[in-house]
1. Could you check segment 427-451 and list, in sequence order, the residues that are of a type outside the set (A, V, I, L, M, F, W, C), under 25 Å from the mean Cα position of the chain (by Cα) and more than 15 Å from Tyr474 (Cβ to Cβ)?
2. Among all residue pairs at least 6 apart or on different chains, which show Cβ distances below 9 Å where the first residue, located in segment 240-252, is of a type in the set (D, E, K, R) and the second is open to solvent by 50 Å² or more (accessible area, probe 1.4 Å) and outside any loop (DSSP other than H, G, I, E, B)?
3. Return yes when Gly136 is over 30 Å from Pro504 (Cα atoms), within 16 Å of the ligand (Cβ to nearest atom) and either of a type outside the set (A, V, I, L, M, F, W, C) or not assigned by TED's automatic domain parsing to the domain that holds Glu214 (or both) and no when it is not.
4. So the check is Cβ under 7 Å with 6+ separation or different chains; which pairs have a first residue in segment 256-284 that's farther than 30 Å from Thr322 by Cβ and a second one that's hydroxyl-bearing (Ser, Thr, Tyr) and within 15 Å of the ligand (Cβ to nearest atom)?
5. Here is a check on your reading of the model: is Pro219 open to solvent by 10 Å² or more (accessible area, probe 1.4 Å) and in contact (Cβ under 8 Å) with a residue 12 or more places away in the chain?
6. Determine which member of the set Ser309, Ser276, Ser292 is closer than 29 Å to Gly337 by Cα and either open to solvent by 30 Å² or more (accessible area, probe 1.4 Å) or out of contact with any helix residue (DSSP H, G or I) (no Cβ under 9 Å at 6 or more places or on another chain) (or both).
7. Got a sec? Which strands (runs of 3 or more DSSP E) wholly within segment 230-296 have at least 2 residues that are within 18 Å of Glu199 (Cβ to Cβ)?
8. Select from segment 437-496 the residues that are among the acidic types (Asp, Glu), open to solvent by 70 Å² or more (accessible area, probe 1.4 Å) and either within 28 Å of Ile146 (Cβ to Cβ) or assigned by TED's automatic domain parsing to the domain that holds Asp177 (or both) and list them in ascending order.
Amino acid sequence: MTGPAAGAPTRLPEPVERFLARGHGLWIDGRWETPAAARTLPVLNPADGSTLAHVALAEAADVDRAVASSRRAFDEGTWTRVPPAERSRCLERLADLLEEHEDTLAVLDTLDNGMPLAQSRGEVRSSAAHLRYYAGWATKIHGETIPVREAGRFFVYTRREPVGVVAAITAWNFPLDNATWKLGAPLAAGDCVILKPAEETPLSALYLAQLSREAGFPPGVLNVITGLGEEAGAALSEHPRVDKIAFTGSTETGRKIVAASAGNLKRVTLELGGKSAVILLDDVAVEEVAPSVLHGVFHNAGQVCSALSRVLVQRRRYRPFTERVAELASRIRVGPGLDPDTQMGPLVSETQLHRVLGYIDAGRREGAHVLCGGTRPGGPLGNGYFVAPTVFGQVDPGMRIAQEEIFGPVLGVVPFDTLDEAVALANATPYGLAAGVWTHDLAAAHRLAANLRSGTVWVNCDNEFDPAVPFGGYRQSGYGRELGAHALEAYTHVKSVWISLAGPGEGSARPANP
Ligand code: NAD
């Protein structure tokens, strides 16, 4: 039985109460601004549907103001002329502040997104680690010298320069991580950033905005605006004075952003959805993998772009594995994220709840078997957006639940016989974000890692991340990479400079009639 966790504390920490109770504007040019139309949006607690706060709804005129501020900060060199070591110090200070405010930020993300508090604490720490990693890069971004034809005639070098004004549009599943993943590299490189968090989970980004002032970022270097995707997000995507969009979200929205960006051919990087598979070879015992498989799909209630939501099991282990995983899944304690007993929180919104329940119905209709879950827990959880951890057996690879991203706590198990068949099944969706392999056979692991068409492969582990390791998608999971040195490429131009060593005189002159 999926048991509800015991109960959340009734009083929130005082800084959280204070933050929720105050008005929330748009963070533009280092101060809080009122949106042009003074419209607001309620922010809901997914654990019980109650209203946590109201945030400002930015529209096109507000986006113009934010872009003008960032443009000014970039074009006047407010940030690019700051010595790299000072840019590094600002990022370090912001990381320090995140850590100092961990209690508040973690509770805000748990209230807003629903995730268990231990998880949102981890999110704050990984966000700080991310900023520290890129603080290190701020002093190490440089070009190269290139030997060219006719030695001694030319000196050629490259410069790495920031791309300019970056609009970062993020999803709701890891509110603070998604935001900081889009701040470290550009701020280290000298770009100015406008962050637009998801409308479902704007609170930690607003809190971060005020910390950025304390960290020493000059006005306009980091603006934070809240608003709807189809208004503020769309206005940023098509804005002629924005140089780059860094996007995390659905494949469908990614397509719209690419289309909207065409006007000024702005740069775009896309971190999109996935339908990641984990392959279990039969040399691995069920008990060796079951807990990790559960983590791979039920972590953050399955609202993880790299959720390993399809488990491909070599046939000999199929039955014992499905039985054991269903048994363990049914024991996961579901409840509000603030309850210390909770292992899995609610889905982020009512929309997401109905989307996930719709997929569960589709799975049933198409003939898959629900081995556990498939329902909303009732009782004290009845007002929240909870879905019990769900495991499907008898899943045909062509079914919608095996092809489409559910973004919820739903696992489908599919049997296979040979490695080639496993690779073909794993690669048989439009996505390519991540994949997992469990085996003791090193040769099989390498063979699978080479043949899986995804941006990340985890062997005998799942959902491991580090600021130094690039992350991104193949195919419809997006393009560009976040994290690591590779992310810097997306936020910098490479300029080539040719210097004639003969000077402007005769030695370098072209003939009059070339
Ligand atoms: P979404 O695409 O609906 O929204 C994401 C962001 O885009 C939000 O800030 C939203 O306001 C904005 N937006 C919506 N419409 C827009 C438009 N027309 N123009 C510009 N911006 C617009 O996605 P979601 O439902 O919030 O997030 C879930 C999706 O995000 C899943 O598909 C998941 O896989 C993906 N995701 C991917 C990664 C990754 O790193 N690959 C990480 C987290 C989430």
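1. Gly436
2. Arg241/Asp64; Asp243/Arg267; Lys244/Arg267
3. Values: over 30 Å from Pro504 (Cα atoms): yes; within 16 Å of the ligand (Cβ to nearest atom): no; either of a type outside the set (A, V, I, L, M, F, W, C) or not assigned by TED's automatic domain parsing to the domain that holds Glu214 (or both): yes.
Criteria not met by Gly136.
4. Going by the 7 Å Cβ cut-off, the qualifying pairs are Ile257/Ser237; Ala260/Ser237; Ser261/Ser237; Val268/Ser261; Thr269/Tyr479; Leu270/Tyr479; Glu271/Thr248.
5. Details: open to solvent by 10 Å² or more (accessible area, probe 1.4 Å): yes; in contact (Cβ under 8 Å) with a residue 12 or more places away in the chain: yes.
Against the criterion (open to solvent by 10 Å² or more (accessible area, probe 1.4 Å) and in contact (Cβ under 8 Å) with a residue 12 or more places away in the chain), Pro219 qualifies.
6. So the residue among Ser309, Ser276, Ser292 that is closer than 29 Å to Gly337 by Cα and either open to solvent by 30 Å² or more (accessible area, probe 1.4 Å) or out of contact with any helix residue (DSSP H, G or I) (no Cβ under 9 Å at 6 or more places or on another chain) (or both) is Ser292.
7. The strands (runs of 3 or more DSSP E) meeting that bar are 244-248.
8. Result: Glu489, single match.
The values are calculated or read from the model by the stated rules, or taken from the named source; none is laboratory data. As the structure is a prediction and not an experimental result, all values here were calculated from the model. Here Cβ is always computed from backbone atoms with ideal geometry, including for glycine, and neighbour counts include all displayed protein chains. We work out accessible area using only protein heavy atoms, side chains counted, and drop any ligands, DNA or RNA first. Shrake-Rupley method; radii C 1.70, N 1.55, O 1.52, S 1.80 Å.
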